[in-house]
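A quick write-up on the structure given underneath.
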Amino acid sequence: MIIEPLLKLALSLEASHGVYALLLGSGVSRAAGIPTGWEIVLDLIRKLAAMNAEEPEPDPESWYRQKFGEDPKYDKLVDNFGATQSERRNILRPYFEPTTEEAEQDLKVPTATHQAIAALVRMGYIRMILTTNFDRLTEMALDEEGIVPDIISSEDHLKGAIPYVHSKCYLVKLHGDYIDTRIKNTPEELADYSPEMNGLLDRIFDEFGLIICGWSSASDTALRNAILRCPNRRFTTFWLSKGDINEEAKEIIDHRKAEIIAIESADRAFSDIIEKVASLSELAHATPVSTAVAVSTVKRYIVDPKHRIRLRDLIHEETERVCQELKSDRFETNGLKFTPDLFHQRMHQYEFLIERLSSMLAALSFYDTGENRYLLTYSLERLANKPRQNGSVALINLQLYPALLVLYSIGISALSSQRFDNLAAILLEPRYRDDFNSEKRPAVDMLHVYSVFDSGTDKLVPRPNAEREYTAANNYLFDMIKPVLQSYLPDDIAYEEAFDIFEYLLALTCWDLLERGWSPIGRFGWRYGTMGALGKSPISEFIVTGSKLGDEWGLLKSGFFNGSIDRLNNIVTESDTWHQEITRGWH
């Protein structure tokens with residue numbers, strides 16, 4: 001099984017509490033609008049030049065060198081602007097501390113990355129943080145979580161510091177703190193560390209795994225050397241990279257046998273990590289783990305409106321992953337010699353591919369109160385198309401099988417939790433474009449077993465030795481979908497009743513929307529006969545109980561049968577008469 005990179009990182013964190021150290025570079029703070037140390041140096045040079053009524057551009061560094069006969073250094077520049085610590089802090093404050101306007105724009109305040117890191121510390125997954133940044137965003141995020149870290153920002157702090165094995169959170173600010181003007185900034189300052197700091201780093205890089213983010217390694221010679229001289233790799237190194245990787249970084253990656261994880265941004269990556277770790281922590285035994293984690297994440301997102309965008313992205317990404325795979329060469333329909341074995345093999349490929357998305361949408365359908373129903377419609381519409389129209393007719397039609405599995409999973413889940421709005425989102429709202437006249441039609445026009453399987457032809461029976469079953473495809477779906485809905489319908493009888501009621505509603509909906517005197521017959525056709533013929537079947541009880549509520553029945557208020565109880569009753573009578581005629585010889 002191939003595990004996605006961020007999930008692999010989350011699995012490592014979950015399996016090994018406290019054994020991974022974070023190494024954070026300037027890229028993490030840049031996202032918050034914090035300048036690098038060198039950018040501050042250049043800005044201070046410009047201010048110094050202005051005080052001397054001189055123009056330092058286009059090269060402030062060269063101007064300073066010519067003016068003062070030495071390389072610019074952070075501490076000397078700051079000393080030029082303030083004699084006391086309070087004055088120096090006032091000079092530096094605008095670079096690191098937000099104004100009211102900046103705070104309103106979420107600048108110079110902890111980002112989603114800092115907040116996720118603090119949450120990982122609180123949960124016990126991370127207790128060692130190394131950073132090259134001067135700011136205090138990490139400390140602020142930790143404070144919001146009620147965590148007071150042990151901070152090492154200079155060699156002085158190493159003297160008398162408690163051993164990190166006894167610390168809940170050890171924060172090593174390798175280049176110093178912005179309030180202390182002794183920060184390391186120039187190439188000469190970054191070329192080496194003190195023996196005490198090197199000793200600490202040697203132990204950390206030997207004993208901890210590494211998660212690196214926002215650090216290019218290009219100018220940090222001493223830090224790079226400290227990693228390279230570590231002979232052991234007890235735990236994996238994960239390098240989170242946005243964009244190209246330079247040669248210095250490649251050397252470390254090769255030395256540590258690091259796993260490279262391409263990311264869009266640190267915020268997105270760490271938000272995903274914290275969600276996956278949180279989901280994993282809720283699972284005792286999950287198989288397959290990626291499906292279980294995804295379902296757990298969907299559940300968490302549903303209950304908190306602030307996660308609505310993340311929920312949308314999660315469903316969108318999984319839906320598009322499936323759709324792209326459906327278009328791939330392995331599902332070709334043209335130029336293949338059709339055999340029953342090929343048909344069954346293709347079915348199982350579709351089942352494996354759709355498992356995670358089907359489980360995620362079933363969870364959404366069961367728990368969501370309707371606010372996110374559009375995601376159900378969107379996913380089903382994306383799946384309800386046949387990317388290929390040439391080749392074997394049986395394989396062309398089978399392209400609808402993933403959508404059919406999703407339709408049943410969502411529908412039965414929604415029905416079991418009485419989420420009629422979610423049921424309407426898949427039975428009433430999805431549309432597809434007809435192949436012949438490009439007209440948009442209700443998706444239920446083709447999302448039924450008769451569009452996917454031809455039960456009258458032996459070679460399309462979905463399972464062996466089922467040729468004599470009247471509803472062989474429906475019986476197969478019954479067995480196939482049951483594990484997906486096990487946590488929502490653990491009772492076998494309740495599941496069976498919900499399955500049959502859903503297929504009956506699907507038949508009524510087709511009769512209503514398509515207006516062609518036909519609808520797909522499900523297992524209810526031989527299990528109960530018809531609703532009118534069998535008196536007190538679960539289907540009959542469902543219809544009769546709802547009908548007592550009249551137009552106030554939630555099913556009708558969700559838009560089914562134009563919200564009219566009279567229309568529903570007429571359709572029940574018409575379709576039952578037709579079903580009874582078709583199934584007369586079944587009983």
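Below, the figures for the structure above:
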read-out	value
Residue check, Thr131 modelled with pLDDT of 85 or more, assigned by TED's automatic domain parsing to the domain that holds Val41 and within 39 Å of the chain's Cα centre (by Cα)	no
Boolean, Asp156 is in the same structural domain as Ala226 (by TED's automatic domain parsing), part of a loop (DSSP other than H, G, I, E, B) and either at pLDDT below 90 or crowded, with 18+ Cβ neighbours inside 10 Å (or both)	no
Hits in region 248-259 - residues which are farther than 13 Å from Arg229 by Cα and in contact (Cβ under 8 Å) with a residue 24 or more places away in the chain	Glu248, Ala249, Lys257, Ala258, Glu259
Long-range neighbours under 8 Å by Cβ, at least six apart or interchain, first residue farther than 15 Å from Phe208 by Cα within region 148-171, second surrounded by fewer than 17 Cβ atoms within 10 Å (Cβ to Cβ) and among the charged types (D, E, K, R)	Pro149/Lys168; Ser153/Asp180; Ser154/Asp180; Ser154/Arg182; Glu155/Glu196; Leu158/Glu196; Lys159/Glu196
Subset of region 544-570 (residues that are of a type outside the set (Phe, Trp, Tyr) and touching a Ser or Thr at 6+ places or on another chain (Cβ under 8 Å))	Asp551, Leu556, Ile565, Leu568, Asn569
Single residue of region 536-587 satisfying the filter (acidic (Asp, Glu) and touching a residue at least 40 places away in the same chain (Cβ under 8 Å)) that is surrounded by the fewest Cβ atoms within 10 Å (Cβ to Cβ)	Glu574
Test set (1) of a type in the set (Gly, Ala, Ser); (2) surrounded by fewer than 22 Cβ atoms within 10 Å (Cβ to Cβ); (3) modelled with pLDDT of 85 or more; (4) closer than 24 Å to Arg346 by Cβ - Ala466 fails condition number	(3)
Unmet criterion (only one of (1) of a type outside the set (Gly, Ala, Ser); (2) at pLDDT 90 or above; (3) closer than 30 Å to Lys299 by Cα; (4) not assigned by TED's automatic domain parsing to the domain that holds Arg441) for Val484	(4)
Criterion violated by Lys108 - all others in (1) modelled with pLDDT of 85 or more; (2) charged (D, E, K, R); (3) on the phi < 0 side of the Ramachandran plot satisfied	(3)
Matching residues in region 393-415 - criterion: being among the aliphatic types (A, V, I, L, M) and more than 16 Å from Leu357 (Cα to Cα)	Val393, Ala394, Leu395, Ile396, Leu398, Leu415
Condition broken by Leu223, with the remaining ones in (1) hydrophobic (A, V, I, L, M, F, W, C); (2) touching a Phe, Trp or Tyr at 6+ places or on another chain (Cβ under 9 Å); (3) more than 20 Å from His17 (Cβ to Cβ); (4) surrounded by fewer than 22 Cβ atoms within 10 Å (Cβ to Cβ) satisfied	(4)
Which listed residue, of Val19, Val41, Val28, is outside the structural domain of Leu130 (by TED's automatic domain parsing) and touching a Ser or Thr at 6+ places or on another chain (Cβ under 9 Å)	Val41
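Residue-wise test of (1) among the hydrophobic types (A, V, I, L, M, F, W, C); (2) modelled with pLDDT under 80; (3) assigned to a helix (DSSP H, G or I); (4) not assigned by TED's automatic domain parsing to the domain that holds Ile179.
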{"site": "Ala50", "(1), (2), (3), (4)": "yes, no, yes, yes"}
{"site": "Tyr64", "(1), (2), (3), (4)": "no, no, yes, yes"}
{"site": "Asp75", "(1), (2), (3), (4)": "no, yes, yes, yes"}
{"site": "Glu87", "(1), (2), (3), (4)": "no, yes, yes, yes"}
{"site": "Pro98", "(1), (2), (3), (4)": "no, no, no, yes"}
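Residue-wise test of (1) at pLDDT 90 or above; (2) assigned by TED's automatic domain parsing to the domain that holds Tyr125; (3) within 21 Å of Val28 (Cα to Cα).
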site	(1), (2), (3)
Met197	yes, yes, no
Asp206	yes, yes, no
Ile211	yes, yes, yes
Ser217	no, yes, yes
Arg224	yes, yes, yes
Trp239	yes, yes, yes
Asp244	no, yes, yes
Ala258	yes, yes, yes
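The values are calculated or read from the model by the stated rules, or taken from the named source; none is laboratory data. Fair warning: this is a prediction, and the values are worked out from it, not measured in the lab. Heads up, the Cβs are rebuilt from the backbone with ideal geometry, glycines too, and the neighbour counts pull from every protein chain shown.
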